Every structure is written in C-alpha cells, then in structure tokens.
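A.B. asks: First, the structure itself, so that you have it in front of you.
FYI, it's all coordinate maths here, none of it is from the lab. None of these values were measured; they are calculated from a predicted model. Neighbour counts are summed over all protein chains in view; Cβ atoms, including those assigned to glycine, are modelled from backbone coordinates with ideal geometry.
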Amino acid sequence: MNIAVAIDGPVGAGKSSIARQAAKNLDFIYVDTGAMYRGIGLYAVRQGVVTTDAEKVNALLPGIKLDIKIIDGTQRVFLNGEDVSEQIRLPEISMAASNVSAIPEVRAFLLDLQRGFAKTNNVIMDGRDIGTVILPDAKVKIYLTADAEVRAKRRYDELIAKGQDVKYEDVLADLNQRDYNDMHRETAPLKVADDAVIADTTELDFEQSCALITKIIKEKAEI
Ligand code: DC
C-alpha cells in the first residue's frame with residue numbers, strides 16, 4: 001500500500017520547497033499540482049484567451065497535452081511536448097493559473113493525472129485541494145501556512161534571486177488576491193481538511209520547517 005501525503009495551503013507558504021526536501025528525506029516522489037494549473041494558464045495566455053473566460057478556456061482543453069516527468073528527482077512540466085517548467089513560474093502566469101483553477105472542467109481535466117501518481121508511488125503532493133478532494137484518504141494531511149507578510153517577503157526574495165523585476169507591494173497584493181480567489185471559488189476551494197495537521201511556519205526558517213513537516217509525516221504515517 002502506497003503512502004500519500006497531502007500538503008495544502010495558501011500562496012507562498014513554502015509548500016513546494018519544503019515538500020521537495022521532505023520527499024528527498026523520506027525517498028517519496030514529490031508532485032507539485034500548482035504547476036499543472038500554471039501549464040494550462042500559460043497555454044491560455046499564449047493563445048490570447050482571457051483566463052477568467054471559462055467557455056474560451058474550456059474550448060482550449062482538447063488541444064492541451066500536459067506531461068509531468070520526474071527528471072533527476074525534479075518535476076518538469078511539458079506542454080504539448082515543450083518543457084515549460086521555467087515559463088510557468090513567471091508572475092503573470094500565477095494569476096492566470098489561479099483564474100483557470102476556478103473552472104470545474106479544468107479541475108476535472110487534471111484529476112486523473114494527479115491521482116495517478118498516488119496509485120503507483122509513495123507521494124508527497126502539494127496544492128490547494130489535495131487533502132480535501134484529490135486524495136481524501138491520504139494517510140497524512142498537512143495545512144501549511146504562515147502570515148501573509150512573511151509569505152510575501154519570502155516569495156519576493158525568491159523572485160528577486162531569480163532576477164525578476166518585482167516590487168514587494170505587488171507581490172503582497174497578488175498573493176492576497178490569489179488566496180482570496182482560491183479560497184472563495186465554488187469548486188474545490190482552499191480550506192483546511194477536517195483531519196489535517198496545521199503547520200504554521202511564520203516563526204520558522206526553511207530548515208526548521210522541513211524538520212517539522214518531516215516529523216509530522218513520520219508520526220502520522222508511522223514510518
Ligand atoms: O501552488 P501554485 O502557486 O503554483 O498554484 C498556482 C495556482 O493554481 C493557485 O493560485 C491555485 C491553483 N491550484 C489549485 O487550485 N489547486 C491545486 N491543487 C494547486 C494549485
């Protein structure tokens with residue numbers, strides 16, 4: 001029986017970097033589901049489609065082939081055969097991803113792809129609805145969060161380190177807007193699963209956060 005760990009939480013809580021490290025520690029595969037919504041958001045933007053227009057976005061779905069490959073332990077996202085792992089991280093794609101993720105057909109489009117990973121692997125999967133919708137029977141569910149200002153500062157530092165030209169105020173506003181969208185949509189909104197452990201990393205650095213998450217997983221999964 002494979003072990004599934006679901007990590008959900010708001011923007012910039014450190015889900016991907018912490019989950020990636022915890023997966024390495026425990027020899028699980030790590031799956032970042034946000035990257036899939038970003039892939040669809042990127043495709044819609046490239047096609048010149050307004051990403052809040054559900055009808056137009058849905059019309060694009062048959063033309064999208066999304067492949068997730070784990071190469072040297074790192075997840076890469078291929079959109080119709082093209083590796084778009086870097087392009088999907090651009091700030092303008094973040095809001096596009098949040099917009100398309102509110103569309104029920106888009107969520108249905110990605111469901112089997114996401115569940116498939118947990119059928120054949122020990123997996124740590126992060127997103128917004130992993131513990132509530134995608135893997136409701138996950139052995140471990142964690143809601144990872146931190147104060148919005150702290151999350152915005154971390155995201156800002158990350159983007160600056162990547163050489164992107166951004167302002168802290170814009171990063172904070174974008175983060176608050178996306179959290180609002182993700183928590184208030186009708187289909188699979190971000191919320192704390194009943195059986196989730198809440199992990200708040202406001203006062204923790206990266207190492208401490210990884211140690212906390214790894215400890216919770218080991219305890220809950222009894223490994
Ligand atoms: O985790 P992220 O910032 O890369 O995700 C991008 C957007 O995708 C996020 O604003 C909401 C959406 N998303 C979602 O709705 N469900 C998921 N499981 C993962 C991401």
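A.B. asks: Among the listed pairs Lys24/Lys139; Lys162/Lys191; Lys24/Lys69; Lys56/Lys141, give every one whose C-alpha distance is greater than 28 Å. Please report the intermediate quantities before stating the final value.
C.D. replies: Values: Lys24/Lys139 18 Å; Lys162/Lys191 30 Å; Lys24/Lys69 16 Å; Lys56/Lys141 34 Å.
Violating the 28 Å Cα-Cα cut-off are Lys162/Lys191; Lys56/Lys141.
A.B. asks: Most exposed first by the Cβ proxy, i.e. fewest other Cβ within 10 Å, how do Asp165, Asp200 rank?
C.D. replies: Values: Asp165 7, Asp200 16.
So the ranking, lowest neighbour count to highest, is Asp165, Asp200.
A.B. asks: Going by C-beta contacts inside 10 Å, put Met125, Met95, Met1, Met183 in order with the fewest on the left.
C.D. replies: On the way: Met125 28, Met95 17, Met1 5, Met183 12.
With the sparsest Cβ surroundings first, the list reads Met1, Met183, Met95, Met125.
A.B. asks: Further, regarding this structure: Please order Lys220, Lys15 by the number of other Cβ within 10 Å, starting at the fewest.
C.D. replies: Working: Lys220 17, Lys15 27.
The order, fewest Cβ neighbours first, is Lys220, Lys15.
A.B. asks: Between Ile71 and Glu169, what is 0.36 nm times their sequence separation minus the Cα-Cα distance? Round to one decimal in nm. Mind showing how you got there, number by number?
C.D. replies: Details: separation 98, 0.36 × 98 = 35.28 nm, distance 3.51 nm.
Separation in residues times 0.36 nm, less the Cα-Cα distance, equals 31.8 nm.
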